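Asks: Okay, here's the structure, questions in a sec.
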Amino acid sequence: MHEPETLGDVLAKRGVSRRGFLKYCATLASLMALPPSVAAQMADKLTRATRQSVIYLSFQECTGCLESLSRTHSPTLEGLLFDLISLDYQETLLAAAGHAAEEARANAMRANSGKFVLMVDGAIPLKDGGVYSTIAGRTNIEILKEAVPHAAAVIAVGTCSSFGGLPHANPNPTGAVSVGTLMEKGLIERKPLINVSGCPPIPVVISGVVAHFLTLGTLPELDGYGRPKVFFGDTIHDRCYRRPFYDQGKFAKTFDDEGARNGWCLYELGCKGPTTYNACATAKWNGGVSFPIESGHGCLGCSEPDFWDAGSFYAPLPAPRAPLSAAAGAAIAVGVAAGAAVGLAGLYKRKKAQQAHTKLTVDDLETEKKP
Amino acid sequence: MSLRDIAVRVEASPASRIGGIRPILHEIRTLLAALIDTGRGGSIDLRSLPLSPADFEALDAALGEGEVRATIRALGETRVTETAIHGVWRVTHCNDGGEAVADLIEVCDAPEILKTHAADARVGLAKLRTRLEPG
Amino acid sequence: MTGVELLNWARGPGLQIALVVFIVGVAIRFIEMWLLGKSPDFAEARGSAAAGGWRTLFTRSLPMPGALKRAPLVFLGGYVFHIGFFITFLFYAPHILFLRAVTGFSWPALPAYLIDVIGLVSIAALVAVLVHRLTDPVRRFLSRTGDYVAWAATFLPLLTGYFAYHRLVTDYTTMLALHVLSFELLLVLIPLTKLMHTFTFAVSRWYNGAIAGRKGVKV
């Protein structure tokens, strides 16, 4: 076997100078909320690391996550992610097809067994034996069962593989579940799992996780949902530049009123920023141009479990998820009927008590004295 | 074609001023004092702070423009400018679409990214050697 | 169950169940009281019952003279937490959005930091009245489980709301879910406990004056 190439070699071949790489690390450090001074050390360590082998499996997904990751042309800043990793298998990007592609996966898995990072994109259907999503005649769960034991760690890319996402949304016709659920149920082997949620996730969050793995050799600290805390530690709301308007009670009431033009808080227009943990407000999108709120639209909460089932995207967070009028109407009817029944029963009881009541007479008192 | 070609500009409405720049100026003052005393400054990541476009403008106005302006072309442009406050630098990393991806204030003698790294110097030396080779 | 699942349940089926129990319960209690009525009064009226009723409805809501001296803690704590509770409930922007979604009405909100202070003061007042209830031998003797349940049901929405606002104890989503659930618990308990006084206070205050008013007596 030949000497593994270091990242520094790869970068040199690509004509990326140390300045360029330092710049990349500065943006990564900024994202990971590390002090900017760390960038130089990070750059140094990364250039000496070997590229991380990655196998990327796609299940019930829309390829939006991959679009997000591979959006830019190399060699750009964001494109450097593909220099950090050696993407050994990804169906959509693979030139080969059919048996050749299947063979490529088997080869990559064998060559890097125990060392590769498995990226999973999309939910896994379990209903009816998992027949609702198959590749080369094999169900997603079968493929995953085979791949997971050989992986060093699993990164669930996107909300579908992290929490079930759209396929899992009510009524979940295919019985779709997340990678984490499969591990909990014991359907696949337990391995270190990182959920990088988002619909799609922010591309640099992926590179951040990989960079963390390469520089420190460990997985980043995770929150209660298995997401890296450095990126998912704060809510959108807490990091939002419009937050002060929330505190001052200045809200846009429609998408084109004075408040909207002044850039006031979008809470009343259904922004789910307060309950959404993600890095959009700091990492931003489209190469740092803006993020939904900066573009005038509330947060949908796409990095949270079951965000599809959280009611309308345009209903404010405190609003009930479903209209209450039917339930309230029925309750009033039932309440009136039940109240009448209880009241009438009370009246009847009182009447009976009155009827059963006999007045005490002098005779009664006399008889009591007698014995 | 990049996003810069779209003829829509963000206008900072005065009503979107949040007024968060005073704490930043105070932090810069602390860092600058540390640079003078210990030789170690520091940097502030502006992207991690909730600042509106109007706040960015206010910050730029407060710091002013100084003597040095440099452009680095490595994976897109990086603009390095010294502000009117000596020792306080604005470093803006852009991608090759020209969009800012990181925005830092560095308090130092000269930002790290301006310096030539030893590895790059070695590449330069090798290049020069090949050019000097007779042939 | 995750925080989001809990919040989705609380904002969906949980809210529906709580609202139904609340409406049915309050309706039963009111209609029952109304049907039972009171015995007819055959005496000739010497004054207006309605005028007396309306007057006491108002006057009995004002502080009783001398009450501040006699029981300062109960007096201050009682007023502070009642008023504080209603200000936080009715004038915090997200609550107004909830009430708008349910009733269709909305009104201007108070700034969040003001609500924050009022909420904290209300929590302190509730703790003070509980400590007083536990330490004062007479109040302790008179207290039943229902009284403590009613206290907790009032206290929890304030406490969870405060925690959620300040991102304390657990993540915001879970705390928000607990906050909504505590409100739903309060809704359910109103018709089942002494908390029914939320509505019946007006009826009883009216009757106090109405009975006296009919007899031509001013109280």
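Asks: Helix check for chain C. Which DSSP H runs span at least 20 Å along their own axis by Cα, with a mean Kyte-Doolittle hydropathy no less than 0.0?
Replies: Helices meeting the span and hydropathy rule in chain C are C:15-36, C:72-91, C:112-135, C:145-165, C:172-189.
Asks: What's the center-to-center distance, using Cα atoms, between the range A:12-56 and the range A:260-335 in Å?
Replies: If we compute the Cα centre of each part, the gap is 35 Å.
Asks: If you don't mind, there's one more thing I want to ask. Expressed as a rounded percentage, what relative contact order does chain C have, with Cα pairs under 8 Å and six or more residues apart?
Replies: That works out to 41 percent.
Asks: Of B:Val101, A:Val148, how do they rank once you tally other Cβ atoms within 10 Å and put the fewest first?
Replies: A:Val148, B:Val101
Asks: For B:Glu65, list long-range residues whose amide hydrogen, built 1.01 Å from N in the peptide plane, is under 5 Å from its own amide hydrogen.
Replies: When sequence neighbours closer than 5 places are left aside, the close amide H contacts are B:Ala84.
Asks: Say each of C:Met33 and B:His86 gets a label point 7 Å from the Cα, pointing the same way as Cα to Cβ; how far apart are those two points in nm?
Replies: Between C:Met33 and B:His86, the simple spin-label model gives 8.1 nm.
Asks: Mind giving me the nanometre distance, one decimal, between the label points for B:Lys127 and C:Arg46, set 7 Å out from Cα along Cα→Cβ?
Replies: The answer from the label model is 11.2 nm.
Asks: Report the rotationally averaged projected area of chain C based on its alpha-carbon convex hull, in square nanometres.
Replies: About 15.1 nm², averaged over all directions.
Asks: So what is the 222 nm mean residue ellipticity for chain C from helices alone, if each DSSP H run of at least 4 adds -39500 (n - 2.57) and you divide by all residues, rounding to the nearest 500 deg cm²/dmol?
Replies: That comes out to -24000 deg cm²/dmol.
Asks: Ok, one more. Counting other beta carbons within 10 Å of each residue's own, what order do A:His99, A:His237, A:His150 fall into, fewest first?
Replies: A:His99, A:His150, A:His237
Asks: Continuing with this model, one more query. In chain A, which cysteines lack any other cysteine Cβ under 4.7 Å from their own?
Replies: A:Cys25, A:Cys62, A:Cys65, A:Cys160, A:Cys240, A:Cys265, A:Cys271, A:Cys280, A:Cys299
Asks: Now, a different point. If you build the Cα gyration tensor of the range A:239-329 and take the root of 5 times each eigenvalue, what three semi-axes come out, in whole angstrom, biggest first?
Replies: Semi-axis lengths for the range A:239-329 are 24, 17, 10 Å.
Asks: Taking 10 °C and 1.306 mPa s as the conditions, I'd like the Stokes-Einstein D for the range B:3-132 in µm²/s, using the Kirkwood hydrodynamic radius from alpha carbon pairs.
Replies: D = 95 µm²/s.
Asks: In whole angstrom, and with the biggest value first, how far do the Cα coordinates of the range A:318-364 range along each principal axis?
Replies: Principal-axis extents of the range A:318-364 (Cα, largest first): 70, 19, 7 Å.
Asks: Assigning unit charges at the beta carbon (Lys, Arg +1; Asp, Glu -1) and nothing else, what dipole magnitude in debye, to the nearest 20, does the range C:27-183 show about its Cα centre?
Replies: 380
Asks: Given 37 °C and 0.692 mPa s, compute D for the range A:7-232 with the Stokes-Einstein relation, Rh being the Kirkwood radius over Cα pairs; round to the nearest whole µm²/s.
Replies: Approximately 183 µm²/s, per Stokes-Einstein.
Asks: Using label points projected 7 Å from each Cα along Cα→Cβ, tell me how many nm separate A:Lys45 and C:Leu120, to one decimal.
Replies: Inter-label distance under the simple model: 3.9 nm.
Asks: Follow-up question, since we're still on this one. Evaluate the range B:95-135: find the radius of gyration of its Cα atoms, find its Kirkwood radius, and give the ratio Rg to Rh.
Replies: For the range B:95-135, the value is 1.21.
Asks: Still on this structure, please answer the following. Report the semi-axes of the equivalent ellipsoid for the range C:123-183 in whole Å, largest first, where each axis is √(5λ) for an eigenvalue λ of the Cα gyration tensor.
Replies: Calculated on Cα positions only, the semi-axes equal 28, 12, 7 Å.
Asks: Trypsin sites (Lys or Arg not before Pro) within the range C:1-45: which are DSSP loop residues with at most 14 other Cβ atoms inside 10 Å?
Replies: Sparse-neighbourhood loop trypsin sites (Lys or Arg not before Pro): C:Lys38.
Asks: Can you tell me the dipole magnitude for the range A:100-172 around its Cα centre, using point charges on the Cβ only (Lys, Arg +1; Asp, Glu -1), in Debye to the nearest 20?
Replies: Magnitude of the dipole: close to 140 debye.
Asks: Starting from the Cα gyration tensor of the range C:41-99, multiply each eigenvalue by 5, take the square root, and state the resulting semi-axes largest first in whole Å.
Replies: That gives 33, 22, 7 Å for the three semi-axes.
Asks: Also, I was wondering about something else. Tell me, what HN-Hα J-couplings in whole Hz come from the Karplus equation 6.51 cos²θ - 1.76 cosθ + 1.60 at θ = phi - 60° for each residue of the range A:24-30, using x for Gly and Pro?
Replies: Per residue, the Karplus-derived 3J(HN,Hα) values read 4, 5, 5, 5, 5, 4, 4 Hz.
Asks: Hey, can you grab everything whose amide H is under 5 Å from the amide H of A:Asn195? Only 5+ residues off in sequence or another chain; H modelled, so Pro and N-termini drop out.
Replies: A:Ala156, A:Arg227
Asks: Near the amide H of A:Phe291, under 5 Å away, which other amide H atoms are found, from residues 5 or more places off or on another chain, if H is placed in the peptide plane?
Replies: A:Trp285
Asks: Using each residue's phi in the range A:85-94, evaluate 6.51 cos²θ - 1.76 cosθ + 1.60 at θ = phi - 60° and report the 3J(HN,Hα) Karplus result to the nearest Hz, with x for Gly and Pro.
Replies: So the Karplus estimates, Gly and Pro as x, are 10, 10, 7, 7, 8, 7, 3, 5, 8, 6 Hz.
Asks: If you average 1/r over every pair of different alpha-carbon atoms in the protein assembly as shown and take one over that average, what Kirkwood value in Å do you get?
Replies: 30.7
Asks: Answer with one residue from C:Thr59, C:Ala27, A:Gly208: the one whose Cα lies farthest towards the positive end of the charge dipole of the protein assembly as shown, charges on Cβ with Lys, Arg +1 and Asp, Glu -1.
Replies: Positive-most Cα among the choices belongs to C:Thr59.
Asks: About the Cα centre of the range A:7-232, what is the dipole size in debye to 20, counting +1 per Lys and Arg Cβ and -1 per Asp and Glu Cβ, all else neutral?
Replies: Charge dipole of the range A:7-232: 640 debye, to the nearest 20.
Asks: Taking the beta-carbon count within 10 Å as an exposure proxy, list C:Glu32, A:Glu67, C:Glu44 from fewest neighbours to most.
Replies: Listing C:Glu32, A:Glu67, C:Glu44 from fewest to most nearby Cβ atoms yields C:Glu44, A:Glu67, C:Glu32.
Asks: With θ set to phi - 60° and the Karplus curve 6.51 cos²θ - 1.76 cosθ + 1.60, what are the ³J(HN,Hα) couplings of the range A:47-54 in order, to the nearest whole Hz, using x for Gly and Pro?
Replies: Values per residue, Gly and Pro as x: 5, 8, 7, 8, 5, 8, 6, 10 Hz.
Computed from the coordinates by the stated procedures, all read-outs in this text should not be read as laboratory data. Since the model is a prediction, treat every value here as computed from it, not as a measurement. Quick reminder, even Gly has a Cβ in these numbers, built from the backbone with ideal geometry, and neighbours come from all protein chains shown.
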